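Working notes for the structure below.
Quick note: the coordinates plus some simple rules give every number you see, no bench work behind them. Since this is a predicted model, take the numbers as computed values, not measurements. Cβ sites come from the backbone with ideal geometry, for glycine too, and all protein chains shown count toward neighbours.
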Amino acid sequence: MLTDLLLRNFRCFEECRVTLHPEMTVFIGRNAQGKTSLMEAACVLLRLQSPRTSNRGELIRLGAKTLLIEGTLDGHRLRCAQSASVRRLAVDGAVCGRSADYLQSSGLLVWMDHRDMNLLRGGAEHRRRYLDFAASQMFPDYLKALRGYERALRGRNYVLKRDAVIAWKQADAFAKVMDDFAQVIIARRQELVAILQPHVTRIHGVLSAGGEVGVTNYAPSLIEGSLLEKLGLLREEEQRLRQTLAGPHRDDVDLKLNDLDATSFASEGQQRSMALSLKIAQAHALEQVSGNAPLLLLDDVFGELDADRRRALLQLLPTGTQKVLTTTTLDWARGESLPGQVYGVDRARIELK
């Protein structure tokens, strides 16, 4: 459980301290006041990545050179300080030389916002990102394999584009490195989707009142054999397109409703329910593997849901999940009691309601 946050020079906040409720913390205010940045800080503190940007410099308040985020998670004090190029991490005052060591002491989380509809409406990169964010929290070897694969992939693509005559020996050397990492990524993604699938079917069945069957299937680019061998068969086409045409970077997840492709045939309401099912299933999968319910960060999600879906979402979450959410209004909660604490956010200032 994350009990508090301290921010310095993070996004629009010069300094901010906030206590989080064990059940639900609500940040309410107009758009562009800093509500989402508070949740983003929690995500950076726990997972060392932002769901909104991959550029560290964008997280630092304009005019500052470094940022600081601290928080207490299950009695341990986490600290993340970073500039645009350097990051320093500590747990209970002890410096962590490696991100992996720090992440072993941090918590699990699920982030939900309006962009989750891209899981159905967007390209395969959105579904791969969904797998990567969950798998990196569940499997200790996944993030290392993913980062190693991505570095080798960038190197190979550079070689494919660099010269008029491709240096295939060099490209194959990169492919061999990619192959080792790819086997880990593929195995873990298969394992993850196998864990997710029954949760998705159960949850979507509830959200659709039993009228639809939601199914997820892993669709790897490499089905069998080695990646090095597969790329050897694609050499002529790679010569023409100058890019790597097989590997985990081209994987996808097939999403089906009643045996139809949900990305093509589902209505907007069905897509919304499927997106919710995928994210709630992610929370259950993380709890199933770790034994602990993850922190759930919901960015302006409840206002987009009707009363039935909102109640179903809360009831379908793992028991004991700590929730932090943002909203521009509490009209959607009229007649319902919120089991937690509400803060108003206005121009990067927080006030207890």
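Taking the criterion of being under 13 Å from LEU325 (Cα atoms) and assigned to a strand (DSSP E or B), the residues of the range 7-26 that qualify are MET24, THR25, VAL26. Could you grab me the full set of residues in the range 272-301 that are assigned to a helix (DSSP H, G or I) and surrounded by fewer than 21 Cβ atoms within 10 Å (Cβ to Cβ)? Scanning the range 272-301 gives ARG272, GLU287, GLN288, VAL289, SER290.
Note on the range 1-15: among residues that are over 10 Å from ALA41 (Cα atoms) and touching a helix residue (DSSP H, G or I) at 6+ places or on another chain (Cβ under 7 Å), the one that is surrounded by the fewest Cβ atoms within 10 Å (Cβ to Cβ) is CYS12. Within the range 12-60, the set of residues being among the basic types (Lys, Arg) and in contact with a Leu (Cβ under 7 Å, 6 or more places away or on another chain) comprises ARG17, ARG47. Within the range 116-147, being under 20 Å from ALA285 (Cα atoms) and polar (S, T, N, Q) holds for SER136, GLN137. Determine if the range 176-198 includes at least one residue that is surrounded by fewer than 16 Cβ atoms within 10 Å (Cβ to Cβ), over 20 Å from ALA266 (Cβ atoms) and charged (D, E, K, R). So far as the range 176-198 goes, yes, one or more of its residues are surrounded by fewer than 16 Cβ atoms within 10 Å (Cβ to Cβ), over 20 Å from ALA266 (Cβ atoms) and charged (D, E, K, R). Of the candidates ALA42, ALA64, the single residue that is among the hydrophobic types (A, V, I, L, M, F, W, C), in contact (Cβ under 8 Å) with a residue 24 or more places away in the chain and closer than 14 Å to TRP111 by Cβ is ALA42. Might you let me know whether the range 71-84 holds any residue that is of a type in the set (Lys, Arg), farther than 14 Å from ALA348 by Cβ and surrounded by fewer than 21 Cβ atoms within 10 Å (Cβ to Cβ)? Yes.
Of all residues in the range 144-166, those that are under 11 Å from GLN239 (Cα atoms) have Cβ atoms under 9 Å from Cβ atoms of residues that are of a type in the set (D, E, K, R) and in a helix (DSSP H, G or I), 6 or more apart or on another chain, in LEU160/GLU238; ILE166/ARG235; ILE166/GLU238. Of the residues that make up the range 204-213, is at least one within 27 Å of the chain's Cα centre (by Cα), closer than 29 Å to GLN270 by Cβ, part of a loop (DSSP other than H, G, I, E, B) and of a type in the set (A, V, I, L, M, F, W, C)? Yes, the range 204-213 has at least one match. Among the residues of the range 295-327 satisfying the criterion of being over 18 Å from the mean Cα position of the chain (by Cα) and basic (Lys, Arg), which is nearest to CYS43 (Cα to Cα)? Filtering the range 295-327 for residues that are over 18 Å from the mean Cα position of the chain (by Cα) and basic (Lys, Arg), the one nearest to CYS43 (Cα to Cα) comes out as ARG310.
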